[in-house]
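The structure under discussion appears below in the form of structure tokens.
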Amino acid sequence: MVATDWTQKYKSKILTASKAITKVKRGSRIFLGTGCGVPYHLVQELAAHANQMADNEIVHLLTLGDTPSADPKFQTQFRHNTFFVSANIRDAVSDGRADYTPIMLSDIPDLFRQKRMPLDVAMIQISPPDRYGYSSLGISVDITKAASESADIVIAQVNEKMPITHGDSFVDIREIDYLVPFNEPLREFQGDEITETVDLIGSFVARLVENESTLELGIGALPQAVCNNLLDSGVQDLGIHTEMFSDSLLPLIEAGIVTNKKKSINRGKVIASFAMGSNKLYEYIDDNPFFQFHDTAYVNDPYVIGQNKKMIAINSALEVDLTGQVCADSLGHRFYSGIGGQVDFIRGAKRSQGGKAIICIPSTAMDGTVSRIVPQLSEGAGVVTTRGDVDVIITEYGLANMYGKTIRERVLSLIAIANPKFRNELLEAAKTMRYVFEDQVPFLVQGTYFATEYEMTERFKGPDGPVDVHFRLIRPDDTDRIKELFYGLSEESIYFRFLTPLRSLRRQTLQDFYNVDQARDISVVAVIKSDEEGETERIIGAGRYVLNRSTNEAEFALLINDDYQSRGIGTFLLNHLMRIAKSKGVEAFIAYVHPQNQPMIRFIHKTGKVVESKISIQDEEYVFRLKL
């Protein structure tokens, strides 16, 4: 009886697209489904009936491909109002023929439900109904669910190609006003090609992903690069909570890396609001209970996002200023994209235990002629994510930690990951704005401060038990950590290292630690994590060598925190420096040691590398030559 009831109603609601469009009155506000779920057949028919329309507003989140109603010839019939400025609507917005409504993605469903933006018509796309009379919104639940519940008239294209997705994706066929059965392939989306730059950014993101993290991934070349790097990272039991995803997720699932088994909420499920990708993706998620789709009021709710432990939000930007302000929706006055879910997920990740809010951005634009890290945002550029929201900013040159950092530290960190040809230009601007000291030394490094070939991690016996020590290149933002190392040394250690009884560390001496070019001279630090979340680094040792090009020999020096001396850390650090120097063709190390520094003298002899030692009468110090 129940089945007969809804099937009869179903048949009575069937119209052709042409007939359905006649139900749209002039002056109506029309909602269109999102992305690859857009009811393309209805969209084409709407444009075909433009002569019957006048002053119709078309509201949508994201459209792809051909959007005939945005054609200038239809501007008296249709005006688009978009929540995200995609490529096919960008010119219309720039020309003033279309509107852009900046709003958090999590807020849009209530905009419809509370009638703050009343909808006259919703044009959506659904799967054929099941035996109970329920159809799935498939790959486009996002804000489409709320629109279908709020519009005065709902016109649905019924497409057998639309996957059935689980979660809060179903609509009652009885609540739909008009049905247009029409089968056509869903729109497919293919991201841009992964460049070397994007792959490097993806590799740096992958470094921050721990076992049992939950990821926001998105679509495009960057998420694909992140996923590619995670495949070989050894990370396990990842979860997914993301507003949208694409094919890049599938290899991680098939490899058993994304399991969702350790998620804090929605355990065992990929949570999303819409998908855009290939037909393979649509077939994979069809009637697959591993995936649950919900509207953005749930998926993008920062409170919900924050309930996921180790939530990692990965978002992109158009430009970032030296204080960490992020512009993501405009190029100056010209709107380019939208707020989307960036702020939702950034703030959700900030609430998460062990979470990370990450912004990724190539270091340059316009074929390398413009830096995306800038002294101040372009005139008219909007701040989508504030300087207080971001944890980490990543370019192809490395990672800049923003959390809890001063403006001076932020500036040095961001310049260090800027393109090398713009670093000192940015530094001079920072000096002008009094962000850094006027005598801040120029940046000498022409590559990355995050070269993996110089990074190693080894376990040692620490003062309170085993401790993992990470060895990496020194960076300009290590200034305060080096100061902490210095003031933690005994007077004897300070005297033997600097051959003078220093009571304070001059800024110039401090800058000498990291003022190396990393091509000729190398400076390496030994760091440990000093907080429960493993986010704060403490430097417990530093080593460097400076090359004398005329002799091809390098003077080296080591500095180890007193509590960590005689534990093998200094030996490991020296051997690490030797390996680096030898790979660069350096012939020998030279060390200058105070005669009373017996621990250092014994340490050098234990290396087994000493080929020559002598005492300098004039300088009252031993000179050791170590053959590499």
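Coordinate-derived values only; no laboratory data. None of these values were measured; they are calculated from a predicted model. Positions of Cβ are generated from backbone atoms using ideal geometry, with glycine treated the same way; all protein chains shown enter the neighbour counts.
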Checklist entry - Considering only the chain, what is the antiparallel percent among its DSSP beta bridges, to the nearest 5? => result 50 percent
Item to check | Residue-count net charge about D168 - beta-carbon cut-off 10 Å; Lys, Arg +1, Asp, Glu -1 | outcome: 0
Next on the checklist: Suppose we keep just the DSSP beta bridges with both residues in segment 312-449; what percent of those would be antiparallel, to 5?
Outcome noted: 50 percent
Checklist entry - How many angstrom separate the Cα center of segment 536-570 from the Cα center of segment 454-483? => result 12 Å
Checklist entry - Among I126, I522, what is the fewest-to-most ranking by other Cβ atoms within 10 Å? => result I522, I126
Item to check | Prolate/oblate/rounded label for segment 431-496 (Cα gyration tensor, a/c 1.5) | outcome: oblate
Checklist entry - What does the charge add up to near Q342, with Lys and Arg as +1, Asp and Glu as -1, over the other residues with Cβ less than 11 Å from its Cβ? => result -4
Item to check | Packing-based order for 599-609, 50-60, 323-333, using average beta carbon neighbours within 10 Å, highest first | outcome: 323-333, 50-60, 599-609
Checklist entry - Structure shown: which of K529/K606; K11/K115; K310/K356 lie over 19 Å apart, alpha-carbon to alpha-carbon? => result K529/K606; K11/K115
Checklist outcome for this item: Of the residues S278, N315, L574, the Cα lying farthest along the dipole of the chain towards its positive end, which is defined by charges on the beta carbon of Lys, Arg, Asp and Glu, belongs to L574
Checklist entry - Which distance in Å, rounded to a whole number, links the C-alpha centroids of segment 372-397 and segment 33-99? => result 31 Å
Checklist entry - Going highest first, how would you order 395-401, 11-17 by mean Cβ packing within 10 Å? => result 395-401, 11-17
Item to check | Calculated FRET efficiency for the pair R351/H166, C-beta based, R₀ 22 Å, to 0.05 | outcome: 0.25
Item to check | Environment charge at S264 (Cβ cut-off 11 Å; Lys +1, Arg +1, Asp -1, Glu -1) | outcome: +4
Checklist entry - Only one of the listed values, (1) 33; (2) 17; (3) 25, was derived from the coordinates as percent of Cα pairs over 50 Å apart; which label is it? => result (3)
Item to check | As computed over segment 452-627, the Cα convex hull volume per residue (Å³) | outcome: 126 Å³
Item to check | Cα gyration tensor shape of segment 263-366, rounded if a/c is under 1.5, else prolate or oblate by comparing a/b with b/c | outcome: oblate
Next on the checklist: Quick check on segment 183-237: take the gyration tensor over C-alpha atoms, sort the square-rooted eigenvalues as a ≥ b ≥ c, and tell me if it's rounded (a/c under 1.5), prolate or oblate.
Outcome noted: oblate
Next on the checklist: Per 0.36 nm of contour for each residue apart, how much would the distance between N424 and A519 grow if the chain were fully extended, relative to their Cα-Cα spacing?
Outcome noted: 32.4 nm
Checklist outcome for this item: Most exposed to least, judged by fewest other Cβ atoms within 10 Å, S413, S233 sort to S233, S413
Checklist outcome for this item: Interchain or sequence-distant (5+) residues whose placed amide H lies within less than 5 Å of the amide H of V258 are L238, I253
Checklist entry - Angle between the Cα long axis of helix 342-351 and the longest principal axis of the chain, 0 to 90 degrees, nearest 10? => result 60 degrees
Checklist outcome for this item: Rounded to the nearest 10 degrees, the helix 221-231 long axis (Cα) sits at an angle to the longest Cα principal axis of the chain of 60 degrees
Checklist entry - Just for segment 2-181, what percent of DSSP beta bridges are antiparallel, to the closest 5? => result 10 percent
Checklist entry - What do you get for Rg/Rh over segment 553-628 if you use C-alpha atoms and the Kirkwood form of Rh? => result 0.96
Checklist entry - Hey, what's the Cα Rg ratio for segment 188-299 versus the globular rule of thumb, 2.2 N^0.38 Å? => result 1.00
Item to check | Over the chain: helical MRE at 222 nm, DSSP H runs n ≥ 4 each giving -39500 (n - 2.57), nearest 500 | outcome: -7500 deg cm²/dmol
Checklist outcome for this item: Quick note on T63, T571, ordering by fewest other C-beta atoms within 10 Å, gives T571, T63
